[in-house]
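Before any comments, here is the structure.
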Amino acid sequence: MTCSERVLITRKIDSSFTNHKTHESSILVSESKRWGKMNKVRLLLTLVTIAIVVVPLVGMVLAYQDNLVDLFIPPEMTEMAEDFFGGEGIDGSGIEPPTMVGEPEYNAATRTFSISFQFENPFPMDITIKSLTGNIECAEHRFHLGVASISEPVSIDAGETGTLTVLGTWTLEAISHFESEHGDEELVDAVLLDLVVDISGLQLELGQGNMEQSIQVPNPSLME
Amino acid sequence: MNSILTKFNWFALAGGITTLLLIAVSLVYPWWQLTVGDDLLTVDASPINMNLGFLDSSFTIPFIWALNMISILSLLASGITMLIYSIIPRKSYSKHLLDFGYKKPLYTILFFAIGLVATTMICQTVLNFSIPLIGSTTSTLSIPFVSGMTLTVLLSAGFQWSFLLAAVAAGLCIAARIYHKKVAHAESSVSITAAPEAVSPSIPATR
């Protein structure tokens, strides 16, 4: 190999080496651009995540900053709860006891009687009393006389008064009790208690001491 | 054929569409519904829209509404990101788009389920009032401040079909994450086979 040939080869190698370096640096530039783009996307997505969580919460807190309780319990809900439980009825429940209307009727053959009550719907909505059951006791002797229930479901509009017809059946022991203890009384004082009322699928159970409804029942021993 | 399959992430595309569809559906249909009595009280629950209905009235709790907004925006971002990623799964930043998008439907389902279970457990522990997650039960609740008065109600609850749609969306997004490995692998094998052969300069042997 001559000297000129050697120089040529060296130039060739050098030229190739310089190109390689240029290519490498261009790769580095493109890699750094790629990383920059990736970081930008990552940062953008992180900011979006933070904004999605923070903006609605902070916005809501700022909107309700004067009354933070409303943030968890809306005023409409409080008003409705007051309508239900803020009345002046039994124990502040808003429910007034039903009032007896008309004269009780008695059927001696079946030992059944019927009493009509008027009941005011205290709720801010229409209700359907699907069923009502309770026990009847002698007011004086606290003797169990029988059971009572309504004859058919009754619908009462909000704030309106409806009539409930309660049917009761005396037990044989009750008949004996009427004969022995109240033989000379035409009407006997009794109480309707342990009421279970089914209002639109919601069963309201009034335990002892709640809503004891005083009633006067015709003495079956004098009506036979 | 194989290149078409790996050019796009089809699971991400389906996941993104299902996630966006889920948002629209959940605004109308709840994921879980509780009915008290004869439609006396209804609770329509989903991370997108939570609604308490009492006969003709309906209530929205502002704090819950804010959480609903977070879920809507989160799922919206997830759906859009998954759609963008599905078209360009081989870009340098695609993995970030996927990681941002695929977890959100799953997390939404998990947070919703955990919240639901926690709420029913709190009701059981604090109020001694059992709420079923699925099925019907009769529960008794003492009325506060009114002695001896109790409420007994029939409660019916169940997950709705929209919850299944949410599960499908989450499943598709997870499948998209798994399928991403295949897409990324296809990319590297394509680039290796497509790379031109490097011609190394021949160096003559020195004498």
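A short reminder: the numbers here are calculations on the coordinates, not readings from a lab. Given the structure is predicted, the values throughout are model-derived calculations rather than measurements. Counting neighbours? That spans all protein chains shown, and the Cβs are built from the backbone with ideal geometry, glycine included.
Just want the ordering: A:117, A:178, from fewest to most Cβ atoms lying within 10 Å of their own Cβ. List each step's numbers first, then the result.
Values: A:117 20, A:178 23.
So the residues, fewest neighbours to most, are A:117, A:178.
Could you line up B:38, A:198, A:157 from fewest to most neighbouring Cβ atoms inside 10 Å? Before the final figure, lay out each step's value.
Working: B:38 14, A:198 20, A:157 11.
With the fewest neighbours first, B:38, A:198, A:157 line up as A:157, B:38, A:198.
Strictly over 21 Å apart at the Cα level, which of B:95/B:181; A:37/B:104; B:7/B:182; B:7/B:95; B:91/B:181; A:40/B:91 would you flag in this model?
On the way: B:95/B:181 10 Å; A:37/B:104 23 Å; B:7/B:182 10 Å; B:7/B:95 15 Å; B:91/B:181 13 Å; A:40/B:91 14 Å.
Check vs 21 Å cut-off fails for A:37/B:104.
Points 7 angstrom from Cα along the Cβ direction at residue B:58 and residue B:138: gap in nanometres?
Between residue B:58 and residue B:138, the label points sit 3.1 nm apart.
Which whole number gives the average count of other chain Cβ atoms within 10 Å of the Cβ atoms across peptide A:156-165? Don't skip to the end; give the middle numbers.
Working: counts 0, 0, 1, 0, 0, 0, 0, 0, 0, 0.
Counting Cβ atoms of other protein chains within 10 Å of each residue's Cβ and averaging gives 0.
Note down the magnitude of the dipole of segment B:1-133 about its Cα centre, charges +1 on Lys and Arg C-beta and -1 on Asp and Glu C-beta and zero elsewhere, to the nearest 20 debye.
Numbers: 6 positive and 5 negative charges, 200 e Å.
It works out to roughly 960 debye.
Return A:64, B:102, B:179 ranked ascending by Cβ neighbour count within 10 Å, so the fewest neighbours appear first. Each step should come with its number before you reach the end.
Values: A:64 16, B:102 27, B:179 21.
Ranking A:64, B:102, B:179 by Cβ neighbours within 10 Å, fewest first, gives A:64, B:179, B:102.
In Å, the Kirkwood hydrodynamic radius of segment A:97-223 over pairs of distinct alpha carbons?
On the way: mean 1/r = 0.0667 Å⁻¹.
The Cα-based Kirkwood calculation yields 15.0 Å.
What are the ³J(HN,Hα) couplings of segment B:6-15, residue after residue, when phi is run through the Karplus curve with 6.51, -1.76, 1.60 and θ = phi - 60°? Round to Hz, x for glycine and proline.
9, 6, 10, 9, 5, 5, 5, 4, 5, x
Given the Cα-Cα distance of residue A:140 and residue A:99 and 0.36 nm per residue of separation, how much length would full extension add, in nm? Provide the component values of the computation, followed by the final result.
Values: separation 41, 0.36 × 41 = 14.76 nm, distance 2.03 nm.
In short, 12.7 nm is gained.
Please work out the Kirkwood hydrodynamic radius for segment B:2-189, using every pair of different C-alpha atoms, and report it in angstroms with one decimal place. Let's see the in-between values first.
Values: mean 1/r = 0.0545 Å⁻¹.
Averaging 1/r across every pair of different Cα atoms and inverting gives 18.3 Å.
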